[in-house]
Amino acid sequence: MRALRTSLLAVAVSAGMLAAALPAGADVGPAPGSPGVGDRLYPLLGNGGYDALHYDLALRYAAAAPSSPATGTVTMTARATQALSRFDLDYSGGAIGGVTVDGVAATYTRPQEELAITPATPIRKGATFTVVVSGFTATPTPPDGSTAAGTAFFVTGEGSATAGQADGMHRMFPSNDHPSDKASFTFTLDVPSSVTAVANGVLARRTVTGPRTTWTYEQKEPMATELTQIVVGAYTVVPRGTVGGVVVRDVVPTAKLADYRTQLDVEKRQLAWMVARVGPYPFPDYGTLVVTAPDLGFALETQTLSLFDTTWFTDRPEGVWSPTMTHELAHQWFGDSVAPSAWTDIWQNEGHATWYEITWAEENGQLTDDYGYPTVDELMHAVYADGDQARADHGPVARPLSGSVDDLFSSQSYEGGALVLYALRQKVGPAAFARVERAWAQVLRGRSAGTAAFIATASVASGQNLAPFLGAWLYGTRTPPMPGHPDWTVNPVGAKPVGAGVQKAAAPDRRTRR
């Protein structure tokens, strides 16, 4: 075990996991925080120099019309990780009314998609400070699933909703818009009393004042900004009781309440199924949000309330929408609770969600409807055969070629990520694999972590040094041999893929985007 520990220590150091234990450098004077966190795929996303702790987002919707704009104020509480003369928020929305830092007016500029703020007095390292950006306006747009700009804040048939993955939420409100800096949230939504407002987390209070109602939601568990959900309109909240203490509720179009009152109830069984495999659910509530937005083109795991458009249920059989519900539910552990530390780690989100989707589908006789293959083994065999082509087209599983929709949300992140987990299970066996999955979901609960951390966690939980094995599967340009299947072969790059059908059986499918 000494050799194993030495190897794991090397992995941890390379991932920066021991940085907190190293001696701090010499103190320096105030300096600007960096305008990005160094994400390989999104260089200017996120910001350096501080750690966001909490957002209080207050929005006022003047009218009930679906296209009604919202005016807002966001208050971010943060801790300075360096002495700051200036710092940035991500923001590419409209004009703002003003900025204060600790109650004192601050100056600001708008370079690229940034809001660069200069406080009246520099902020010392380690200090907790509050920045308020007031008077911004956000207007929902018709949904366009091909761009983040077309879905961050979009019009539905009943009102409006949000879907900011991967880099979209700063188009709606100023924030540190990167999953490496999660924070708790308070949402205060002031809307006409004729509509319903729902956001991530738990309803804390609802106050009616004449023709208007204020809804306040608390998301106390850390959340990445890209998982924000704010839905306002003609919706009904459908309570479904509890599963193991988790409150289950859905949000559906009021006009279509009869269609979804019983149809979505399967999520309770799916929730119990997931808990049995990966451990306690990480939030106090869960549910499904259904909106009328046929051009959305994907489902999305917004935290505690997964987003679907109505076409998932009207244009596809149960053998597709039920496994897809499991996919988005699985994200609550893999992608939401344990978030990626960089967008190159998106395979951790989508590979895990796809793994539990196809496992659920196989167990419930739905995999043929969902993917066109009757068993997980046959599906993974087809994905394996096209592995080199997928790596050539989109990059290794843990290193997408770019942050474009085609590369970030390609089959490599989904089926390719699931294939890595299948190979891991073949390598270590079902019992050790179950320990790895549970350890990842529970030990890192509420945190952001990268691929190196997954390799280290898998090695410790399985009792094997998996760095060479998983390194080849995740970063190699060629598909490694599959343990337990010496007869499996990989097609040459450029050959007609035998696994061309390895996509969701019913298009269009969320893999074009999420």
*Can you give the charge dipole size of the chain about its Cα centre, rounded to the nearest 20 debye, using +1 on the beta carbon of Lys and Arg and -1 on the beta carbon of Asp and Glu?*
1220 debye
*Estimated 222 nm signal from helices in the chain, with DSSP H stretches of n ≥ 4 weighted -39500 (n - 2.57), rounded to 500*: -8000 deg cm²/dmol
*Set of aspartates and glutamates near Lys125 by C-alpha distance (under 14 Å), chain-local residues within fewer than 8 positions excluded*: Asp27, Asp51
*Of the DSSP beta bridges with both residues in the range 244-341, give the percent that are antiparallel, rounding to the nearest 5.*
10 percent
*Starting from the range 68-157, pick out the trypsin sites (Lys or Arg not before Pro) whose DSSP state is loop and whose Cβ has at most 13 other Cβ atoms within 10 Å.*
Arg124
*Carbon and sulfur together cover what percent of the accessible area of the chain at a 1.4 Å probe radius?*
57 percent
*Measuring with a 1.4 Å probe in the full set of protein chains, what accessible area per residue, in whole Å², belongs to the chain?*
36 Å²
*Divide the volume of the convex hull of the Cα atoms of the chain by its number of residues and quote the answer in cubic angstrom per residue.*
141 Å³
*With the dipole of the chain worked out from charges on the C-beta (+1 for Lys and Arg, -1 for Asp and Glu) around the Cα centre, which of Pro294, Ala385, Thr188 lies farthest toward the positive end?*
Thr188
*Calculate the length of the line joining the C-alpha centroid of the range 70-149 to that of the range 334-354, in whole Å.*
27 Å
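The values are calculated or read from the model by the stated rules, or taken from the named source; none is laboratory data. Computed from a prediction, not measured in an experiment: that's the story for all the values here. As a convention, Cβ positions derive from the backbone with ideal geometry for all residues, glycine included, and neighbour counts pool all protein chains shown. For the accessible areas, the whole protein counts, side chains as well, though only heavy atoms, and no ligand, DNA or RNA atoms are used. Shrake-Rupley method; radii C 1.70, N 1.55, O 1.52, S 1.80 Å.
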